[in-house]
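Just below is one structure, and these are the notes that go with it.
Values quoted throughout were computed directly from the atomic coordinates according to the rules given, and no laboratory measurement underlies them. In this text, all values refer to a predicted model and were calculated from it rather than measured experimentally. Cβ placement follows ideal geometry from the backbone for every residue including glycine, while neighbour counts extend to all protein chains displayed.
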Amino acid sequence: MTRSADVLVVMARAPELGAVKTRLAERVGAAAACDLYRAFLTDLAGRLADGPWALAWAVTPPDADLTPIVGQRGRQIGQQGVDLAERMWRCVARLFDDGAARVVMIGADVPHLPSTAISAVFAALDAHDAVLMPTRDGGYCLVGLRAAHDLFTGIPMGSASVFDCTRARLAALGLRWCALDPSFDVDEFDDVVELAALIAQGDVALPHTAAVLRAWHAAGFLLFP
């Protein structure tokens, strides 16, 4: 299979009931949270498959198949490792071993991330070894690399110190890096409210996500214009 030298990889879970968006599920229920996550995957596939990069899905469980949700839009690889940090590192290393020149990794919980921002990351990798997009919870929602540097092993993923620890790792490795303007990932109910506002304002087109949020509104979960 012919692959672009630029690879955009989405870290994704199979949307199984009770396995995705568990914090959000505490507020809206497991079924509603799962519906929203599935919509994220569908909208991401629609928005990102035609970009100037090769799209890949890093899937957990590793034998899961996202084809019913994302179709043939992108290559699928199984995540391997005992924790998120190891799974991220092994995914990045594999893509570079497969011939990638630049890799940008995002999570499936940033369906609102503009494709222009992703293009800007690939462009920034011409002059930087790494690019990060921080999030307000102390983590990051995007990392770009132009070589297989391990920014992941030993980092306490999911904690409020992820960005600071990663910044220290970058310094220890002597890498040239930059940070983009912060964004947010959708983990909590307040994040959903913010996402709904972006959709209502026309800042991002996410038709499947919008349909789920309208259903939430009808069920009384969310005020959605």
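G78's amide H: which non-local residues (gap 5+, or another chain) put their own amide H closer than 5 Å, with H modeled 1.01 Å from N in plane and none for Pro or chain starts?
Distant-sequence amide H within range of G78: V59.
Sorted from fewest to most neighbouring beta carbons within 10 Å, what does the list D137, D181 look like?
By the 10 Å Cβ count, ascending, the order reads D181, D137.
Of all beta bridges DSSP finds with both residues in the chain, what is the antiparallel percent, to the nearest 5?
The antiparallel fraction comes to roughly 30 percent.
Around L180, which amide H atoms from residues at least 5 apart in sequence, or from another chain, sit under 5 Å from its own amide H, with H modelled in the peptide plane?
Under 5 Å from the amide H of L180 lie the amide H atoms of L132, M133, each far enough along the sequence or on another chain.
Between region 62-91 and region 144-171, what is the C-alpha centre distance in whole Å?
Rounded to whole Å, the Cα centres lie 20 Å apart.
How far is helix 162-173 tilted off the main Cα axis of the chain, in degrees rounded to 10, range 0 to 90?
Once rounded, one gets 10 degrees.
What are the principal axis extents of the Cα atoms in region 145-225, in Å, biggest first?
Result for region 145-225: principal-axis Cα extents of 51, 23, 19 Å.
What dipole magnitude, in Debye to the nearest 20, does the chain give about its Cα centre under +1 on Lys/Arg Cβ and -1 on Asp/Glu Cβ?
Dipole about the Cα centre, nearest 20: 340 debye.
Mind listing the Cα extents of region 8-147 along all three principal axes, in Å, largest one first?
Answer, in whole Å and largest first: 45, 32, 31 Å.
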